[in-house]
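Undergrad: I have a structure I would like to understand better, so I am pasting it below and will then ask my questions one at a time.
The values are calculated or read from the model by the stated rules, or taken from the named source; none is laboratory data. This structure is a prediction, so every number in the text was calculated from the model and none was measured. In this analysis, Cβ positions are derived from the backbone assuming ideal geometry, glycine residues included, and neighbour counts consider all displayed protein chains.
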Amino acid sequence: MSSIRRDKSDLFCLIQQDAKNTCEEDVSSIDILENKILRFKNIEDLFVFNLVDDLDQEKLNINFYNLFLKYISSNTNALKFLEADLLATFTRDPACKNHYDPILFFKGYKALQLHRLGHWLWNKKEYFSALATQSLISELYQVDIHPSCVIGKGIMIDHATRVVIGERVLIGDNISLLHSVTIIAPKVEDLIVIEDDVLISAGASIIGNINIKKGAKVGAGSLVIENVSEGSTVVGVPSRQL
């Protein structure tokens, strides 16, 4: 393990090495990890198989496996985003002990990657498939993200239950979201922009026409209805700067 550099280009090796280590330590894991991690020869097939494995593809007669393959092959940033989000989760979430954990166990990671598929479909004006993907994500993972929502890379959604993100929301890079977060622009003229390196804590609600500047932190249970300045921390209902 020590001979492998911990960077994005080596992520596939890290995922497989962690799986091999687990198999040596816990023989009950071997069948699952062989099927879901170790049998794959490249990171693209590993991602696609695991991210669509939970989906009921017959429910709406949509082949999500083929859709995801097309998404990755036609979008030069798709794999970079999958990898960046996984590394963000591994780095920031103390509960993440192995590089394969987000792929197998973390519904925030799974929901986000399937949202990226839905967003790609939305941009292609394949609205039915995009909304079907959103619906299945919500049903499976209790995460409801509108497919028009733009989300950057290096995102961690921790625990993820009851996360709701609506239309007209732009989210930057290196964002951390906890559970029960609501981000909604209720009026057609509203736009919510969340800049890079922002932390939004559990139970926070961001509602209105709002800009949360780079490096800001939103405290747990806060209601944000006004802009938040760069690097500041806001708490309370309605929120106020500390």
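Undergrad: Please tell me if GLY203 is more than 18 Å from ILE145 (Cβ to Cβ) and either free of Cβ contacts under 8 Å to residues at least 24 places away in the same chain or not in a strand (DSSP E or B) (or both).
TA: It is false that GLY203 is more than 18 Å from ILE145 (Cβ to Cβ) and either free of Cβ contacts under 8 Å to residues at least 24 places away in the same chain or not in a strand (DSSP E or B) (or both).
Every residue, every condition in (1) small (Gly, Ala, Ser); (2) without any contact (Cβ under 8 Å) to a residue 60 or more places away in the chain; (3) touching a Pro at 6+ places or on another chain (Cβ under 8 Å); (4) in the same structural domain as LEU86 (by TED's automatic domain parsing), yes or no:
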residue: LEU11; (1), (2), (3), (4): no, no, no, yes
residue: GLU24; (1), (2), (3), (4): no, yes, no, yes
residue: SER28; (1), (2), (3), (4): yes, yes, no, yes
residue: ASP31; (1), (2), (3), (4): no, yes, no, yes
residue: LYS36; (1), (2), (3), (4): no, no, no, yes
residue: LYS41; (1), (2), (3), (4): no, yes, no, yes
residue: ASP45; (1), (2), (3), (4): no, yes, no, yes
residue: LEU51; (1), (2), (3), (4): no, no, no, yes
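Undergrad: Of all residues in segment 7-37, how many are assigned to a helix (DSSP H, G or I) and more than 24 Å from ALA88 (Cβ to Cβ)?
TA: Count: 11.
Undergrad: A follow-up question, please. Checking the condition in contact with a His (Cβ under 6 Å, 6 or more places away or on another chain) and among the charged types (D, E, K, R), which residue from GLU167, GLU226 passes?
TA: Exactly one residue qualifies, and that residue is GLU167.
Undergrad: Could you please let me know if LEU242 is at pLDDT below 95 and of a type outside the set (Val, Ile, Thr)?
TA: Judged against the criteria, LEU242 is a match.
Undergrad: A follow-up question, please. Being buried (at least 21 other Cβ atoms within 10 Å of the Cβ), in contact with a strand residue (DSSP E or B) (Cβ under 6 Å, 6 or more places away or on another chain), at pLDDT 95 or above and within 28 Å of PHE12 (Cα to Cα): is that true of HIS119 here?
TA: No; evaluated as a whole, the condition is false for this residue.
Undergrad: Starting from residues that are more than 17 Å from THR182 (Cβ to Cβ) and β-branched (Val, Ile, Thr), keep the ones in segment 126-169 and report whichever is surrounded by the most Cβ atoms within 10 Å (Cβ to Cβ).
TA: Residue satisfying both the conditions and the ranking: THR133.
Undergrad: Does segment 88-105 include one or more residues that are surrounded by 23 or more Cβ atoms within 10 Å (Cβ to Cβ), over 23 Å from CYS13 (Cβ atoms) and more than 12 Å from the chain's Cα centre (by Cα)?
TA: no
Undergrad: If you don't mind, another one. Taking segment 217-229 only, how many residues are outside any strand (DSSP E or B) and either under 18 Å from ILE184 (Cα atoms) or under 24 Å from the mean Cα position of the chain (by Cα) (or both)?
TA: 7
Undergrad: Could you give every pair whose Cβ atoms fall below 6 Å, whose first residue belongs to segment 82-105 and is under 23 Å from SER29 (Cα atoms) and assigned by TED's automatic domain parsing to the domain that holds THR22, and whose second residue is at pLDDT 95 or above and assigned to a loop (DSSP other than H, G, I, E, B), counting only separations of at least 6 or pairs across chains?
TA: Note: pairs meeting the criteria are THR89/CYS96; PHE90/CYS96; PHE90/HIS99; ASP93/ASP158.
Undergrad: Mind counting the residues in segment 230-242 that are part of a loop (DSSP other than H, G, I, E, B), surrounded by 14 or more Cβ atoms within 10 Å (Cβ to Cβ) and either in contact with a Lys or Arg (Cβ under 8 Å, 6 or more places away or on another chain) or touching a residue at least 40 places away in the same chain (Cβ under 8 Å) (or both)?
TA: So the answer is 1.
Undergrad: In addition: Looking at segment 159-195, which of its residues are touching a residue at least 60 places away in the same chain (Cβ under 8 Å), more than 23 Å from SER135 (Cβ to Cβ) and touching a strand residue (DSSP E or B) at 6+ places or on another chain (Cβ under 7 Å)?
TA: Once the filter is applied, which keeps residues that are touching a residue at least 60 places away in the same chain (Cβ under 8 Å), more than 23 Å from SER135 (Cβ to Cβ) and touching a strand residue (DSSP E or B) at 6+ places or on another chain (Cβ under 7 Å), segment 159-195 yields only SER176.
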